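Undergrad: The structure under discussion is supplied below as structure tokens; questions concerning it will follow.
Please treat every number below as a calculation from the coordinates, not as lab data. This is a predicted model, so every value here is computed, not measured. All Cβ positions, glycine included, derive from the backbone under ideal geometry; neighbour counts span all protein chains shown.
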Amino acid sequence: MKRFYNFSAGPAILPESVLSEAQNEMMSYKNTGMSVMEMSHRSKDFEEIIEEAKNDIIHLMNIPSNYKVLFLQGGGSTQFAMVPMNLMKNKIADYIITGHWAEKAYEEAKIFGKANIIASSEDLNFDYIPDVSNLNISKDADYVYICENNTIYGTQYKKLPNTKGKILVSDQSSMFLSKVVDVNNYGLIFAGAQKNVGPAGTVIVIIREDLIGEPLPFTPTMLRYNVHAKASSLYNTPPTYGIYICGKVFKWLKEMGGISVIEKLNNEKSKILYDFLDNSKLFKGTVVKEDRSPMNVPFVTGDAALDKKFIEESDSLGFKNLKGHKTVGGMRASIYNACPKKAIEDLVSFMEKFEKENK
Ligand SMILES: *Cc1c(COP(=O)(O)O)cnc(C)c1O
């Protein structure tokens, strides 16, 4: 069985050891005689799976005891609505627009109250993170919202905004568990699993307990954090198989030595590609150096026909999903936690060869 190098932005690469463990347990999980997919979410076996996953994530991220970890459904996009529905008590929130996903979240928030744009990098096609050290934060803002790693544009915050005492809400979908973060700096973190930790369909929410209050009236039961927190993510049938795979990814990270170890590796991995881009005469990165993401690396040749040729040739050699998002064009290599260093080294070798052949 051949596996290719997968540079997809999401759903994305998972650790091979996790996939083969899941394969081994497919027909019978721990002698239960059934797959996790076939198991009651109220069973002892599944309760252990979700409990362990929760405890492992708490351990990995060093999550303080006054935060709750929730496993929900509906992907990152449902959080665009759940955040305002549950946190917009004054019906005012401040948004920093650094790309497509921040913009979507902002548009959604406008349904529920007054959403303000307090900074944006749209003027330069989102190729940088705006200065967020002294923003005009609204006096009554319920929270300040960021998309901390911009999957499409390949930028990442290196410093969190100064929220002047307001709660920070962060979409960490495409950087979740890729680097050490201090959870105390956030009121709420959420992440769709399919970028860095598991299959699509699961979303992880980390929320400070005191923010789990009464949502806005008319908030459907399924979109209330208090309902899910009270039921420990088992209010209804949660995405059981997704949680099981996420749990295995957490174990994989723990065995590797935790987040500081994967962070170091991620920096080494992305440096290989960025160093190459900085020295190449053909390829160039599209993002301001200081704001580059170690997770998503967009690059171009500057010639659309040559980009197309590169994508075709790389694909035929087994470098999959390198086509960039249409709003940036060119290429994008998503090099999440599970992407091996060898994949990047081989990609760079091919890029060197392509550059020589296409001078
Ligand atoms: C992919 C992505 C989303 C959307 O996730 P869905 O699960 O498709 O709703 C939101 N935010 C970021 C940063 C993403 O990369």
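Undergrad: Enter the per residue convex hull volume of the stretch 248-309, computed from alpha-carbon coordinates, in Å³ rounded to the nearest integer.
TA: 107 Å³
Undergrad: May I pose another question? Pulled fully out, how much extra length does the chain show between ALA200 and LYS104, if you take 0.36 nm times their separation in residues and subtract their Cα-Cα distance?
TA: Length gained between ALA200 and LYS104: 32.7 nm.
Undergrad: What FRET efficiency do you get for ASN24 and LEU234 if R0 is 30 Å and r is their Cβ-Cβ distance, rounded to the nearest 0.05?
TA: The value I calculate is 0.70.
Undergrad: For the stretch 279-359, would you read off the P(r) tail past 17 Å as a percentage of all alpha carbon pairs?
TA: Here the tail beyond 17 Å accounts for 43 percent of pairs.
Undergrad: Can you tell me, using C-alpha contacts under 8 Å and at least 6 residues apart, the relative contact order of the stretch 111-198 as a whole percent?
TA: After rounding, I find 23 percent.
Undergrad: Still on this model: Identify all aspartates and glutamates with a Cα-Cα distance to LYS341 below 16 Å; exclude those on the same chain that are fewer than 8 residues away in sequence.
TA: GLU16, GLU263, GLU268, ASP275
Undergrad: Which ³J(HN,Hα) values in Hz, rounded to whole numbers, follow from the phi angles of the stretch 134-142 under the Karplus curve 6.51 cos²θ - 1.76 cosθ + 1.60, where θ = phi - 60° and Gly and Pro get x?
TA: For the stretch 134-142, the Karplus curve yields 8, 8, 8, 6, 5, 4, 9, 4, 6 Hz.
Undergrad: Taking 7 Å along the Cα-to-C-beta vector as the label spot, tell me the ASN185-LEU317 distance in nanometres, rounded to one decimal.
TA: 3.8 nm
Undergrad: How many angstrom separate the Cα center of the stretch 7-51 from the Cα center of the stretch 293-358?
TA: Each part's Cα centre sits 32 Å from the other's.
Undergrad: Select from the chain the helices, each a whole stretch of DSSP H, whose alpha-carbon atoms run 15 Å or more along the helix axis and whose Kyte-Doolittle mean is at least -1.0; answer none if there are none.
TA: 44-61, 75-87, 240-256, 259-279, 304-316, 341-357
Undergrad: If each of GLU214 and ASN62 carries a label point 7 Å out from its Cα toward its Cβ, how far apart are those two points in nm?
TA: Once both label points are built, they end up 3.8 nm from each other.
Undergrad: I would also like to ask the following. Any idea which of ASN185, PHE126, CYS147 is furthest toward the positive side of the dipole for the stretch 122-194, if Lys and Arg beta-carbons carry +1 and Asp and Glu beta-carbons -1?
TA: Going by the charge dipole, the pick is ASN185.
Undergrad: Sticking with this structure for a sec: For the chain, go through all pairs of different Cα atoms, get the mean of 1/r, take its inverse, and jot down that Kirkwood value in Å.
TA: Mean inverse Cα-Cα distance, inverted, gives 21.2 Å.
Undergrad: Taking the Cα centre as origin and putting +1 on Lys and Arg beta-carbons and -1 on Asp and Glu beta-carbons, what dipole magnitude results for the chain, to the nearest 20 debye?
TA: 60 debye
Undergrad: Right, another one. What's the FRET efficiency of LYS158 with THR221 using the Cβ-Cβ distance as r and R₀ = 35 Å, to the nearest 0.05?
TA: Using R0 = 35 Å, I get an efficiency of 0.35.
Undergrad: Related question: Which three numbers, in whole Å and largest first, are the semi-axes of the equivalent ellipsoid of the stretch 142-210 derived from its Cα gyration tensor as √(5λ)?
TA: Equivalent ellipsoid of the stretch 142-210: 20, 15, 10 Å, largest first.
Undergrad: So, in nm, how far is label SER17 from label LYS264 when the simple model puts each one 7 Å beyond its Cα toward the Cβ?
TA: Result: 1.7 nm between the two label points.
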